1. Cut-off 10 angstrom, C-alpha nodes, Gaussian network model of chain B. Which of B:131, B:229, B:35 fluctuates the most?
2. Could I have the simple spin-label model distance between residue B:37 and residue B:221, label points 7 Å from Cα toward Cβ, reported in nm to one decimal?
3. PRE reach from residue A:20 (point 7 Å along Cα→Cβ): which of the range B:210-239 fall under 12 Å by backbone N?
4. Quick query: amide H of residue B:60 versus all other amide H atoms, modeled in the peptide plane; which residues come in under 5 Å with a sequence gap of 5 or more or a different chain?
5. Can you list the HN-Hα couplings for the range B:284-290, worked out from phi with the Karplus curve (6.51, -1.76, 1.60; θ = phi - 60°), rounded to whole Hz and with x for Gly and Pro?
6. Test of understanding: extend the Cα→C-beta vector of residue B:204 to 7 Å, then name every residue of the range B:232-247 with backbone N under 12 Å from that spot.
7. Using every alpha carbon pair in the range B:74-309, what percent of pairs falls into each 5 Å bin from 0 up to the bin containing the largest distance?
8. What's the Cα-based Rg to Rh of the protein assembly as shown, Rh via Kirkwood?
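Rule-based calculations on the coordinates, nothing more; no lab input. None of these values were measured; they are calculated from a predicted model. Here the Cβ positions follow ideal geometry from the backbone for every residue, glycine too, while neighbour counts run over all protein chains shown.
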Amino acid sequence: MVGSNTFRLRLLQLYLPLAFYAVFLLFPFAWMLIVSFKPANDLLDTTINPFLLYGFTFDHYRYLFEETDFLRWTLNTFIVTVGATILSLVCSILIGYALGRLRFRGGNTMGVIIFLAYLVPPTLLFIPLAQVVTRFNLYGEYWSLIFTYPTFLIPFAGWLLMGYFRTIPIELEQAAMVDGATRLRAMWTIIMPLALPGILSAGIFCFTLGWNEFLYALVFMSTGTMKTMPVGVVSDLIRADVLFYGSLMAAGILGSVPVAIAYSFFVDHYISGLTAGATKG
Amino acid sequence: MSVLPIEAPARPVERAKPTGMGRILDREAPLAYLLMFPGLFILALFMAYPFGLGVYLSMTDKYVGFANYDFIGFDNFRYLFQDTIFQRTVRNTFVYSFFTVPFKLVLGMGLALVLNNHFHFSRFMRAGLLLPWIVPTAISSLAWLMLYDSVLSPFSILFKNWGLIDSNINFLGSQYNAMAALCLANVWRGVPFFAVSILAGLQAVPPDLHEAAALDGASAWRRFRDVTLPVIRNIVLISTLFSVIWTFADFQLVYVLTKGGPANSTHVFGTYAYQLMGFSDLGTAAAVSVSMFPILAVFAVVLLRYVRAED
């Protein structure tokens, strides 16, 4: 705020609130980290301060890698997410270009449909979708998720890219077309390279949204080792005894890292993307 | 003004003539539909079709493992309106998605205002404080699962050691505790989303306006109310609607923490539908899912109006 640079004011207006938020928002992660390194005996000892580490162990992580299918689940998640991201990105680039760049009857309606499709939650569709997946013989296969994740990825990325394509000056394309290029050629050689940052961030968001998905993965792909990481962790690592918490928290830490890194670089784009269609209109 | 395609790309006056396929694709409407086809095909097959199928299923008595089933009209819905678990589910979902909004909004607004300052590591803090919203909910809920554990909750252990309580806190063991526990974790997850959205809106607040108002002797509160708030009003409304829609249709957090228990007292639509599906009762399960639709549709239409009005 203007003119309030004394330390006391800054402490009151900035550092104290900041500390409150840091504790409130990061506390569960700190707790996961502590537990994931805590020796099993200390975990059960209710006489010591639970927030402190009196010993240190990698046992929970070792257990995760050696005794569970954690690596396989992670690989599954990776395959599904990359597949769905590529498929969605290709479709979204085309939709984004058509809606952002071309003028045609029904264009407005299509834009509205894409936006509304983004708001359709998996909880609304998962029961009939399970039947569709089974009917197409995709149940338990990677394809079951690679084909269903785009239902929420395409609307999101299409909407985001539509806004992005609009920010690229139309004159560039027109100049190429005056020089004899077809529209498709102009799109491919002039517009795509300029849209690359937008495409990249749309890709990152598709990746993280796919990585975070839970319900479809739980219903369509949860047999044997064919599970995604969140589903595997929740359905196989939570057991009846109390000793599972160490490996559960270790899995939580490891599962958080990829998306945390991906998002931290692109978060500003994400938010502007949500309202992109609006603000760039 | 409008969100969607507004200005016609002016046609080039003169150009060399492409031939054949290229020329057909230079006309905008056929090209547009051709480009949109792959995406729309996937959406039709895996979204529109299942939606229709879901509405149909909700009007049948289909059970998993039985080949025969009948069309029974609205009987499933009639049954659900009598069903005490469903009634509670509806109430829970509203509490879960509306009661938590003011908390998310106020805390998120506060966080946005704090993060809007320049300070050391501000970029780092921005990324870090977003974690609750970024990390897969199924994963972060695991931390809450242990924090709420009936035996190993660190709060129970600590408070007992300090002599504040005699027995462990039963976070997830009774309906009211469990709902409160779910709402707290839900607020925790939602605050960063509000914060980032509002933070993006704050960037659009003209700093000179603030300085001018400050010079005129306006208090911090008046400056917030008369300078900042009008600028971020729409983004606040939009993020609120987004949050309500997502929370209304949530599944992960409730599934991991309570699975709708104890005694079916903390279900939301998603978990109750999932549970009925597990009981093979597909018709009723689909009816629970479909019941969300009218409410979601209202929010979606309102949200659409705001997003289109946002300029």
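1. Of B:131, B:229, B:35, the most mobile in the Gaussian network model is B:35.
2. For the pair residue B:37/residue B:221, the computed spacing is 6.3 nm.
3. Within reach of a label on residue A:20: no residues.
4. Sorted by chain and number, the residues that satisfy this are B:72.
5. 5, 4, 4, 5, 4, 4, 4
6. Output list for this probe position: B:232-239.
7. 1, 6, 11, 14, 14, 14, 12, 10, 7, 5, 3, 1, 0, 0
8. Details: Rg = 25.6 Å, Rh = 25.8 Å.
Reported Rg/Rh (Cα atoms, Kirkwood Rh): 0.99.
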